[in-house]
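Reviewing the structure listed below.
The values are calculated or read from the model by the stated rules, or taken from the named source; none is laboratory data. Since the model is a prediction, treat every value here as computed from it, not as a measurement. Cβ sites come from the backbone with ideal geometry, for glycine too, and all protein chains shown count toward neighbours. We work out accessible area using only protein heavy atoms, side chains counted, and drop any ligands, DNA or RNA first. Shrake-Rupley method; radii C 1.70, N 1.55, O 1.52, S 1.80 Å.
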Amino acid sequence: MSKQMIKKDFPLTNEELRLQETLFHTANGYIGVRGNFEEGYPMDYISSRGQYINGVYDVAEMKQAEQLYGFPNKKEVILNVADTQSVHLYLDGEEVTAFSQGVREMCRVLDMEKGTASRQFIWKNEQGKEVTVSYRRMTSFVLLPLFTIEIKITSHDFEGTLSIVSEHHGTAHNFVNPDDPRMAAETEDYLSVAETIYEEEQAVSKITAVTKTSNLAVQTLVFHEASPQLELGAVEESESISVVYDGQIKSGETASIIKYSLFIDSRRYELEKAGADLLAKVREKTLMEWYRVQEEYLQKFWQRAELSVGGDPLLNESLNYSLYSLIQSAGKDGISNIAAKGLSGEGYEGHYFWDTEIYMMPFFTLTYPEIASKLIEFRYMILDKARENARTLGHKQGALFPWRTISGTESSGYYPSGTAQYHINSDIAYSIIQYYHATGDIDCLLNYGGEILIETSRLWLDVGHYEGTRFVLNCMTGPDEYTCVVNNNYYTNQSVQYQLRWLVKLYPLLKEKNALFIEQLGVTDEEMTAYQAAADAMYLPYSDELQIHAQDDSFLEKPILPIEELPKEKFPLLLHYHPLYLYRHQVCKQADLVLAYFLHDQAFDEEALKRGYAYYEKRTTHDSSLSSCIFSIVANQIGEVEKAYHYFDESSKIDITNSHHNTQDGIHAANMGGTYLGLVFGFAGLRIREDFLELTPRLPEKWSNCHFSVMYQGSLLHITIDKERICLSLEEGAAVDVTVYGQQGIVSSENEWEIPYRKEQ
Ligand code: BGC
């Protein structure tokens with residue numbers, strides 16, 4: 001089955017256009033370029049023209065109405081860097097654009113196996129003569145700084161002059177929407193051009209721009225390859241550089257131009273040297289060869305990440321799109337992470353959240369563990385800033401990771417639903433523990449993960465205290481951002497308990513392996529005893545009256561907000577109600593306790609889970625895209641497969657149907673990971689246990705089967721579930737212990753395992 005997303009719905013409204021800019025973006029975890037039209041747009045169109053480098057940021061003022069102690073007054077923001085997308089075509093002096101009169105057969109294709117995005121249309125001039133214009137873009141997974149645009153003009157019956165003007169701008173503006181708290185409210189000139197050079201000998205334009213405050217530099221290098229009819233003409237150089245190619249085109253002929261852009265930044269590269277080296281490297285291969293290695297990279301990716309269901313083509317398209325978006329978004333170098341919008345737009349200002357660890361890491365842990373380990377390395381890189389952050393918040397020991405950040409500095413302005421979300425610490429810990437179980441990668445624990453576990457645990461002991469025999473955690477916010485600064489958020493307390501228990505369990509191994517940080521940080525056996533005691537005494541709120549777990553100490557005492565009676569246009573509630581109004585009611589933005597049901601499934605019995613699910617489902621708006629996927633997984637846990645399907649269907653199509661009406665600002669990357677979770681952890685019921693993998697498969701009515709692969713402890717397993725049987729086979733690596741519906745088995749290269757599908761569970 002080919003993995004393509006095709007759109008033919010033209011002419012475009014402005015809203016559709018911005019949506020497509022996001023959906024057809026091309027990225028590789030280092031750079032991301034929105035799918036803007038090379039030729040630009042009519043004057044009355046608003047487009048978010050954008051190109052980003054992961055981890056390249058500037059620092060903006062964040063004015064607090066009242067500057068209380070410890071409130072951040074600066075924030076990191078992703079930068080819209082150099083624009084190398086612009087190329088204008090003229091035939092006999094008339095500009096060729098997608099919006100010209102008589103344009104037909106417009107089509108866009110995102111090819112997720114080839115790793116390219118293309119656009120094509122037929123254009124007609126005033127005399128009725130036609131040409132086909134096609135554009136193909138690639139951001140290379142093999143040479144991360146490389147972005148290419150290939151343009152072909154094929155004449156049907158046009159004869160005359162062709163002139164191509166290709167522009168290179170060293171700076172661009174960030175997008176602003178003061179009415180939406182999820183976007184930047186103010187704009188600034190973050191970048192300014194420091195140097196513009198056109199090197200004639202190599203026909204390369206080079207622009208270096210520097211940031212205003214963060215002291216970073218971005219260099220872009222651009223060169224072209226044109227077909228024989230075209231000759232390099234004028235070069236204009238000022239703040240920007242534009243080059244012109246002129247020639248003649250005859251009926252039946254094709255003329256083409258390839259624009260190569262290299263993006264490099266001073267966080268990773270020594271600019272001058274790297275620029276020259278990279279230019280030489282790009283020129284070692286033809287564009288066709290760069291396309292070929294791109295395809296090879298993706299072949300390997302899909303071999304590991306393949307995920308499909310039988311009986312739902314639109315769903316398969318969105319599944320592929322989700323996984324492709326994840327590989328496009330993930331920083332793979334240990335100094336960058338995964339922004340909430342990937343590299344597809346400026347929503348949430350390019351910040352990294354807990355979204356990575358809870359929603360996206362499992363996909364990488366189970367398919368590309370080498371990327372997952374880099375994401376852990378990133379958290380290690382910012383550990384010192386997390387230590388500083390903890391001091392700012394008054395903690396004598398430990399580290400508190402920032403809720404929103406790019407390079408480690410806390411960048412959330414509104415602390416009740418920002419900094420107060422201390423659970424980010426235990427989320428990071430959870431992902432490290434799960435990563436270790438899935439990979440057995442002890443080096444990652446020794447070098448990065450172990451120290452993070454210690455420092456985040458120390459924070460928990462500092463912030464928590466004993467109330468009688470109970471260990472309690474007060475004044476923090478759980479995942480649900482409509483219920484803020486509460487005592488004993490269940491999700492947080494349970495996640496902390498999990499983290500502390502696992503640290504105590506892993507400690508002897510870390511000691512035996514002489515983990516350096518044990519001595520450096522002065523970790524003692526007594527400290528472990530304190531963790532064990534806090535974990536055992538952890539308070540987990542429960543209502544005897546309702547026989548359900550309580551989201552926190554006060555949630556169940558508040559009046560219920562009847563969300564089913566509110567008009568549709570009042571959602572998302574955050575755009576229409578004062579936060580205090582929401583905080584005073586029982587209303588949830590997203591899965592909170594229900595997320596604990598999933599992540600800590602072994603801690604709950606089925607009946608408690610069913611009652612709790614029914615209760616919190618009625619109070620949840622799913623205003624956050626991080627919600628429906630979790631409700632789907634837990635619906636599966638309680639055996640409500642059709643309900644699980646309903647939530648899954650909704651969450652898996654959020655971006656391709658723009659159901660949250662803000663995909664134009666960027667993809668919902670966490671939800672992309674959530675789609676993976678929904679299928680693999682939901683319908684297949686996979687859980688990563690310490691020494692084995694567990695599966696509890698259930699398929700909804702509509703699907704005939706589902707198939708996926710996972711890496712576990714270095715072995716690659718293929719899993720196919722249909723309504724007759726579950727088949728497990730091993731493609732590479734040592735034998736793996738698996739349980740299916742609680743029945744133990746071993747899958748090895750000699751021993752595929754097949755067991756009957758259970759219809760009723
Ligand atoms: C959600 C957070 C999430 C953030 C970024 C918010 O709407 O409530 O849980 O981390 O979006 O995706």
Verdict on residue 567 being surrounded by fewer than 18 Cβ atoms within 10 Å (Cβ to Cβ) and within 16 Å of the ligand (Cβ to nearest atom): no
Tally, over the range 492-519, of residues that are in contact (Cβ under 8 Å) with a residue 24 or more places away in the chain, under 32 Å from the mean Cα position of the chain (by Cα) and open to solvent by 50 Å² or more (accessible area, probe 1.4 Å): 1
Residue in the range 588-613 that is farthest from residue 633 (Cα to Cα), counting only those that are within 15 Å of the ligand (Cβ to nearest atom) and aliphatic (A, V, I, L, M): 593
Residue 596, sole failed condition from (1) touching a Pro at 6+ places or on another chain (Cβ under 8 Å); (2) crowded, with 19+ Cβ neighbours inside 10 Å: (1)
The lone exception for residue 318 - which of (1) among the polar types (S, T, N, Q); (2) within 16 Å of the ligand (Cβ to nearest atom); (3) under 22 Å from residue 366 (Cβ atoms) it fails: (2)
Condition met for residue 673 (crowded, with 20+ Cβ neighbours inside 10 Å and in contact with a Cys (Cβ under 6 Å, 6 or more places away or on another chain)): no
So residue 533, is it within 16 Å of the ligand (Cβ to nearest atom) and small (Gly, Ala, Ser): no
Test result for residue 491, modelled with pLDDT of 95 or more and either within 16 Å of the ligand (Cβ to nearest atom) or part of a loop (DSSP other than H, G, I, E, B) (or both): yes
Cβ-Cβ under 8 Å pairs, at least 6 apart or on other chains, the range 619-632 side closer than 16 Å to residue 645 by Cβ and modelled with pLDDT of 95 or more, far side within 11 Å of the ligand (Cβ to nearest atom) and of a type in the set (Phe, Trp, Tyr): 629/359
Selected residue (only one of 531, 539, 482 is under 32 Å from the mean Cα position of the chain (by Cα), modelled with pLDDT of 95 or more and surrounded by 19 or more Cβ atoms within 10 Å (Cβ to Cβ)): 482
Residues satisfying the stated conditions in the range 311-339, i.e. outside any helix (DSSP H, G or I), open to solvent by 10 Å² or more (accessible area, probe 1.4 Å) and at pLDDT 95 or above: 332, 333, 335
Entirely in the range 115-201, the strands (runs of 3 or more DSSP E) that have 2 or more residues that are more than 20 Å from residue 232 (Cα to Cα) and in contact with a strand residue (DSSP E or B) (Cβ under 6 Å, 6 or more places away or on another chain): 116-124, 130-139, 146-155, 191-199
Helices (runs of 4 or more DSSP H) completely within the range 618-691 that count 3 or more residues being more than 13 Å from the ligand (Cβ to nearest atom) and under 25 Å from residue 499 (Cβ atoms): 628-637
Residue match in the range 249-266 (condition: crowded, with 17+ Cβ neighbours inside 10 Å, part of a loop (DSSP other than H, G, I, E, B), touching a residue at least 24 places away in the same chain (Cβ under 8 Å) and in contact with a Leu (Cβ under 6 Å, 6 or more places away or on another chain)): yes
Options 436, 466; residue that is hydroxyl-bearing (Ser, Thr, Tyr) and part of a helix (DSSP H, G or I): 436
Residue in the range 74-97 that is farthest from residue 137 (Cα to Cα), counting only those that are under 35 Å from the mean Cα position of the chain (by Cα) and charged (D, E, K, R): 74
Yes/no for residue 285 being part of a loop (DSSP other than H, G, I, E, B) and open to solvent by 10 Å² or more (accessible area, probe 1.4 Å): yes
Search result, residues across the range 406-415 that are within 12 Å of the ligand (Cβ to nearest atom) and either farther than 14 Å from residue 350 by Cα or open to solvent by 10 Å² or more (accessible area, probe 1.4 Å) (or both): 414
Unique residue being touching a helix residue (DSSP H, G or I) at 6+ places or on another chain (Cβ under 9 Å) and either within 14 Å of the ligand (Cβ to nearest atom) or touching a residue at least 24 places away in the same chain (Cβ under 8 Å) (or both) when the list is 420, 438: 438
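Residue by residue, here is whether (1) in a loop (DSSP other than H, G, I, E, B); (2) open to solvent by less than 30 Å² (accessible area, probe 1.4 Å); (3) at pLDDT below 95 holds:
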position	(1), (2), (3)
46	yes, no, yes
65	yes, no, yes
69	yes, no, no
77	no, yes, no
105	no, no, no
108	no, yes, no
Leading residue by the ranking (most open to solvent (accessible area, probe 1.4 Å)) among those in the range 8-37 that are farther than 16 Å from residue 327 by Cα and of a type in the set (Phe, Trp, Tyr): 10
